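Participant: Structure incoming, see below.
The values are calculated or read from the model by the stated rules, or taken from the named source; none is laboratory data. Predicted model only: the values in this text are computed from it and were never measured. Cβ placement follows ideal geometry from the backbone for every residue including glycine, while neighbour counts extend to all protein chains displayed. Please note that ligands, DNA and RNA were not included when accessible areas were found on the heavy atoms of the full protein model with its side chains. Shrake-Rupley method; radii C 1.70, N 1.55, O 1.52, S 1.80 Å.
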Amino acid sequence: MKKRYEPKEIEKKWLDWWEKRDYFSPRQGIKKETFCMIMPPPNITGILSVGHAFEDTLHDILTRFRRMQGYETLWIPGTDHAGIATQNVVEKSLAKEGVTRQHLGREKFLERVWQWKEKYGERIFFQLRSLGVSCSWKDKSFTMDKEHSAAVRKVFVELYQQGYIYRGDYIVNWCPRCGTALSDIEVEHEEIRGKLYYIRYPFKDKKEYLVVATTRPETMLGDTAVAVNPKDERFKKLKGKKLILPLLGRELPIILDEYVDPEFGTGALKITPAHNTNDFLIGKKHNLPFINVLSKEATINEKGGIYQGLDRHKCREKVLADLKKENYLEKTEDYNYRIGRCYRCQEIVEPYLSPQWFVRTKDLAKEAMRAVKENEVEFIPSRWEKNYFQWMENIHDWCISRQLWWGHQLPVWYCEDCGKPTIAEDRPPACSSCDKTELRQEEDVLDTWFSSSLWPFTTLGWPEKTEKLEKFYPTSVLCPAWDILFFWVARMIMMGLKFTGKVPFHKVYLHPLISDEKGQKMSKSRGNVIDPLIIMENYGTDAFRFALVSPQADSPYLPFSEDRVRGYRNFANKIWNASRFVLMNLEDFAPQEEKPNPELMRLSDKWILNLYFSLIKEVTLNLENFEFSQAAHRLYQFFWGEFCDWYIELVKFRLLDKGDSSSRYTAQWILWYILKGTLKLLHPFIPFITEEIYQRLPGAKESIMISPWPLPSKKMSPEANKEMHLLREIIQEARTIRSEIGIPPQIKMELWLKPSSKNNLNILKENKKEITNLAKAKKLVIDKNITKPAYSASSLIEDVEIFIPLAELIDMDKEKKRLKANWQKLEKEILVLEKRLSKPHFLEKAPPEIVQKEKEKREVLLHKSGRLKKRLKEIESNLR
């Protein structure tokens, strides 16, 4: 092995090797059970982000884990056609050529989109490959490929025939920029500081007026009534009265409706049925006219009178100016309210009356709620169940039509003669109502989420009864981000139950969203976007993967920083260097699977085996429970802290002692056995470096990714952990005293140990070599009857007194001055912290985590100060 770990050299080598040997495709395992996942399909416009990398690393960890456990695994990759996003990207590309979509026409434009898709649509797959994800590339899917498109049409027709799909005029969320309707959950709401305008509406039959408050004066052009609450005593006499719409002069009836909040504004509410969802319902209830005053581009149309042609924002300015001029504007107040923005382009969304296609969702949602209540689908963490039920209980009909060209064109054909629609999977020969043959297909396309809601079963071949569908459906697990619980997860459950009679997956792990290290969303405008490809190039893919999954993920957002990746690059280097050392000492080693005779094992052997078997149990349970960070933390702690820093150091003298072949072989075997097993436990997290080292181990067969997952064995000795704890504490205390006293690392010292119990005496004597080597002792005395040597530092661990003679090691006077200066410095730092922590202002205003950090720092400093004070007293007593 090279001295330095070079990720670039090994990553491509093993990726090519895995794919060449087809390890990612399903293969029969020892369990004869299946494990299947679908990749949340990235948009074809997408490039690999830290969020994609995080999500797919989680999926890959589970896939590699289950594959090694012996499951027949299938992880299906795919991409989404992403209607709005893709159309926008291609239109921008055309604009650079001076061409518009409308200029090309639908057919030619779609040809250009398909060309763009063929060129760029799978670039994210190449980027995901570099991440090492082990999905079955042979089974990759696309939401608009031939098979999926046929399945989408079949679902639409069946839903229509069963009365779930209908067409109607309804208030929809309209994006003027994208030129399409949006579903409720495609609208992002934000609170703004705006104005509340109080407008005088004159009565028809008297020179008085009724004041109405609104945040949107431009929509008054579409008013068809003013409503008051029937229980509001102020307005009881107004029933049946007429008002005149300011500026346009249209008559408006005053209607009574309990929806009106008497506390809002003046208690009188203008009703604009074509431009407000609640007003729409009131308009239906009271049979009011629906006057749409906006065009699809959000400019005022011919029904807006003199304001025709104005942009909605300019119209507001003009209307307010005219109201003020005509003395209709009574007053203006500051007012906070929420606006909706398009989730794609951030344009302000307009409530807009238009004919759209909808899915009735109440019955579908009812069945989807039952499945979760009866534990057919489990959400992890379970707190997301509450959000799921709240949304499903209040679900609205789903607007599925989009005014785009790119997407699944609705399988609806209108008769040019009678105008009635014919719904069919393929183009019908004639109208189903009048048998005429002149037909025109609906121009709208389906919401992208409609096709992706079928993803779990269409990727497996539905509606055909394929072998894969029979074997792998329902799928096992899905790991999406929490923000698409309603966009995607809930709809997949509804559609899966409707068309297969089964849930689409059994478990849903809703992971956090990645943010920057300050908890802010990554965006180009903030300048905090991290390019994962650059990170992988600089630090290696394994370090990047481990950094993604290692932090505790308790909140909806997971902070990420380059510094963390840098830290785990050091961990990869540690794995490399430790493995290199082990392999250098296994050159004459021929492994046997059976453990060496336990009677030949030393305490450190039994201890490390105990820890290793516990590690297997913990990591296995962690991964089964989606506790990725806990598993990563425990693996890091074991490999670096226990295997490298302790066990390897403890056995070095045995590896050098070729005279004691049985002890040397035992040490070699345990190093080989635990390194091999720990590499397997680490493999789902860091696949490249583990494969590289595994292939160099004696007795390695095929790939680590299809090697069996380690199984725990019984503990070698129940007492080994307790006894080893004593040994480690004594060695650590000796090292700490050496550091406190300032004894240089290269200087060996005497170490005297005085245990009071016979049991501890035996433990220390049996492990004399280990203590001598790790404490760097030139002389080790272990005796129950020794007395404290003169000029010595002392300590106590359990019943063992520790003495380190100092006379030959240090200048006592100089050491006294050094210790006193260090102790006084610590005391000053403690005093500063105490003052800060005693101030109520700091405790109340500082973030809780900062206060806790300061308290923890104080405790550490107090501990250090206490130890230094003890050493100082010992030096002073020796000088007397």
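Participant: Filter segment 305-315 down to the residues that are more than 22 Å from Leu182 (Cβ to Cβ), open to solvent by less than 40 Å² (accessible area, probe 1.4 Å) and of a type in the set (Lys, Arg) and list them by number.
Facilitator: Listed by number, the list is empty, since nothing qualifies.
Participant: I've got another one for you. Of all residues in segment 731-770, which are under 14 Å from Asp799 (Cα atoms), surrounded by fewer than 21 Cβ atoms within 10 Å (Cβ to Cβ) and in contact with a Lys or Arg (Cβ under 9 Å, 6 or more places away or on another chain)?
Facilitator: Ser756, Ser757, Lys758, Leu761
Participant: Taking segment 133-146, which residues are in a helix (DSSP H, G or I) and surrounded by 15 or more Cβ atoms within 10 Å (Cβ to Cβ)?
Facilitator: Of everything in segment 133-146, those that are in a helix (DSSP H, G or I) and surrounded by 15 or more Cβ atoms within 10 Å (Cβ to Cβ) turn out to be Trp137, Asp139.
Participant: Being surrounded by fewer than 19 Cβ atoms within 10 Å (Cβ to Cβ), more than 47 Å from the chain's Cα centre (by Cα) and farther than 16 Å from Leu196 by Cα: is that true of Glu302 here?
Facilitator: For Glu302, the condition - surrounded by fewer than 19 Cβ atoms within 10 Å (Cβ to Cβ), more than 47 Å from the chain's Cα centre (by Cα) and farther than 16 Å from Leu196 by Cα - is met.
Participant: Looking at segment 222-242 only, could you name the residues that are open to solvent by 60 Å² or more (accessible area, probe 1.4 Å) and touching a Gly at 6+ places or on another chain (Cβ under 8 Å)?
Facilitator: Selection gives Arg234 alone.
Participant: Of everything in segment 265-295 that's out of contact with any strand residue (DSSP E or B) (no Cβ under 7 Å at 6 or more places or on another chain) and either among the hydrophobic types (A, V, I, L, M, F, W, C) or surrounded by fewer than 23 Cβ atoms within 10 Å (Cβ to Cβ) (or both), which residue is nearest to Gly179 (Cα to Cα)?
Facilitator: Ser295
Participant: Output the residue which, of all residues in segment 439-465 that are part of a strand (DSSP E or B) and closer than 14 Å to Arg153 by Cβ, is most open to solvent (accessible area, probe 1.4 Å).
Facilitator: Going through the qualifying residues, I end up with Gln441.
Participant: So, one more: Filter segment 149-188 for residues that are open to solvent by 10 Å² or more (accessible area, probe 1.4 Å), closer than 30 Å to Arg123 by Cβ and of a type outside the set (A, V, I, L, M, F, W, C); which is nearest to the chain's Cα centre (by Cα)?
Facilitator: Of everything passing the filter in segment 149-188, Glu188 is nearest to the chain's Cα centre (by Cα).
Participant: Taking interchain pairs and intrachain pairs at least six residues apart, which have beta carbon atoms under 9 angstrom, with the first residue in segment 29-41 and touching a residue at least 24 places away in the same chain (Cβ under 8 Å) and the second in a loop (DSSP other than H, G, I, E, B) and among the basic types (Lys, Arg)?
Facilitator: Here the result reads Met39/Lys140, each pair linking segment 29-41 to a residue that is in a loop (DSSP other than H, G, I, E, B) and among the basic types (Lys, Arg).
Participant: Here's a follow-up. Does segment 243-264 contain any residue that is of a type in the set (Lys, Arg), assigned to a helix (DSSP H, G or I), open to solvent by 40 Å² or more (accessible area, probe 1.4 Å) and farther than 30 Å from Trp449 by Cβ?
Facilitator: no
Participant: Sticking with this structure for a sec: Which condition number in (1) touching a strand residue (DSSP E or B) at 6+ places or on another chain (Cβ under 8 Å); (2) over 24 Å from Lys140 (Cβ atoms) is the one that Leu62 fails?
Facilitator: Every condition holds for Leu62 apart from (2).
Participant: Okay, moving on. For Lys331, all conditions in the list (1) modelled with pLDDT of 95 or more; (2) surrounded by 16 or more Cβ atoms within 10 Å (Cβ to Cβ); (3) farther than 17 Å from Thr224 by Cα hold save one; what is the number of the exception?
Facilitator: (2)
Each row is one residue, and each column tells you yes or no for (1) at pLDDT 95 or above; (2) in contact with a strand residue (DSSP E or B) (Cβ under 6 Å, 6 or more places away or on another chain); (3) surrounded by 22 or more Cβ atoms within 10 Å (Cβ to Cβ); (4) assigned to a helix (DSSP H, G or I).
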residue	(1), (2), (3), (4)
Phe638	yes, no, yes, yes
Val651	yes, no, yes, yes
Gly659	no, no, no, no
Leu671	yes, no, yes, yes
Gly677	yes, no, no, yes
Phe685	yes, no, yes, no
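Participant: I'd like to know if segment 190-207 contains one or more residues that are within 30 Å of Pro42 (Cα to Cα) and open to solvent by less than 30 Å² (accessible area, probe 1.4 Å).
Facilitator: Within segment 190-207, none of the residues are within 30 Å of Pro42 (Cα to Cα) and open to solvent by less than 30 Å² (accessible area, probe 1.4 Å).
Participant: Oh, and also: Residues to consider are Lys518, Lys468, Lys507; find the one that is of a type outside the set (Val, Ile, Thr), touching a residue at least 24 places away in the same chain (Cβ under 8 Å), in a helix (DSSP H, G or I) and open to solvent by 10 Å² or more (accessible area, probe 1.4 Å).
Facilitator: Only one candidate qualifies: Lys468.
Participant: Also: Looking at Ile535, Ile575, which is the one that is under 30 Å from Pro718 (Cα atoms) and buried (at least 20 other Cβ atoms within 10 Å of the Cβ)?
Facilitator: Residue meeting the stated conditions: Ile575.
Participant: Taking helices (runs of 4 or more DSSP H) that fall entirely within segment 84-132, which contain at least 2 residues that are over 29 Å from the mean Cα position of the chain (by Cα)?
Facilitator: 101-104, 106-120
Participant: Test of understanding: among Ile395, Ile423, Ile400, Ile380, which residue is of a type in the set (A, V, I, L, M) and over 21 Å from Gly496 (Cα atoms)?
Facilitator: Ile423
Participant: Could you please let me know if Glu876 is part of a loop (DSSP other than H, G, I, E, B) and not small (Gly, Ala, Ser)?
Facilitator: No: the conditions fail for Glu876.
The rows are residues; the columns are (1) in contact (Cβ under 8 Å) with a residue 24 or more places away in the chain; (2) over 27 Å from Gln630 (Cα atoms).
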residue	(1), (2)
Asp660	no, yes
Ala667	yes, yes
Trp672	yes, no
Phe685	yes, no
Ile689	yes, no
Ser703	yes, no
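Participant: Now for a separate question. For the condition more than 24 Å from His408 (Cα to Cα), of a type in the set (Asp, Glu) and within 26 Å of the chain's Cα centre (by Cα), what is the one hit in Asp80, Asp56?
Facilitator: Asp56 is the lone residue from the list that is more than 24 Å from His408 (Cα to Cα), of a type in the set (Asp, Glu) and within 26 Å of the chain's Cα centre (by Cα).
Participant: Right, next: Identify all residues within segment 578-599 that are open to solvent by less than 80 Å² (accessible area, probe 1.4 Å) and either part of a helix (DSSP H, G or I) or at positive phi (or both); write none if there are none.
Facilitator: Correct list: Ala578, Ser579, Arg580, Phe581, Val582, Leu583, Pro598.
Participant: Quick one: Arg858 ticks every box in (1) in a loop (DSSP other than H, G, I, E, B); (2) farther than 27 Å from Ser756 by Cα; (3) in contact (Cβ under 8 Å) with a residue 24 or more places away in the chain except a single one, so which number is it?
Facilitator: Exception for Arg858: condition (1).
Participant: Right, here's the next one. When both residues are 6+ apart or on different chains and their Cβ atoms are under 7 Å apart, which pairs have a first residue that lies in segment 559-582 and is farther than 13 Å from Pro532 by Cα, and a second that is open to solvent by 60 Å² or more (accessible area, probe 1.4 Å) and at pLDDT 95 or above?
Facilitator: Note: pairs meeting the criteria are Phe571/Tyr636; Phe571/Trp640; Lys574/Trp640.
Participant: State yes or no: is Val851 among the hydrophobic types (A, V, I, L, M, F, W, C), buried (at least 16 other Cβ atoms within 10 Å of the Cβ) and either part of a helix (DSSP H, G or I) or within 44 Å of the chain's Cα centre (by Cα) (or both)?
Facilitator: Taking the combined requirement at face value, the residue satisfies it.
Participant: With respect to Glu55, is the statement that it is buried (at least 16 other Cβ atoms within 10 Å of the Cβ) and in a helix (DSSP H, G or I) true?
Facilitator: Taking the combined requirement at face value, the residue satisfies it.
Participant: Further question on the same structure: Of the residues in segment 591-616, how many are touching a residue at least 40 places away in the same chain (Cβ under 8 Å) and under 28 Å from Phe688 (Cβ atoms)?
Facilitator: So the count comes out to 9.
Participant: Let me ask something additional. Quick one: how many residues across segment 510-550 are modelled with pLDDT of 95 or more and among the hydroxyl-bearing types (Ser, Thr, Tyr)?
Facilitator: Matching residues across segment 510-550 total 2.
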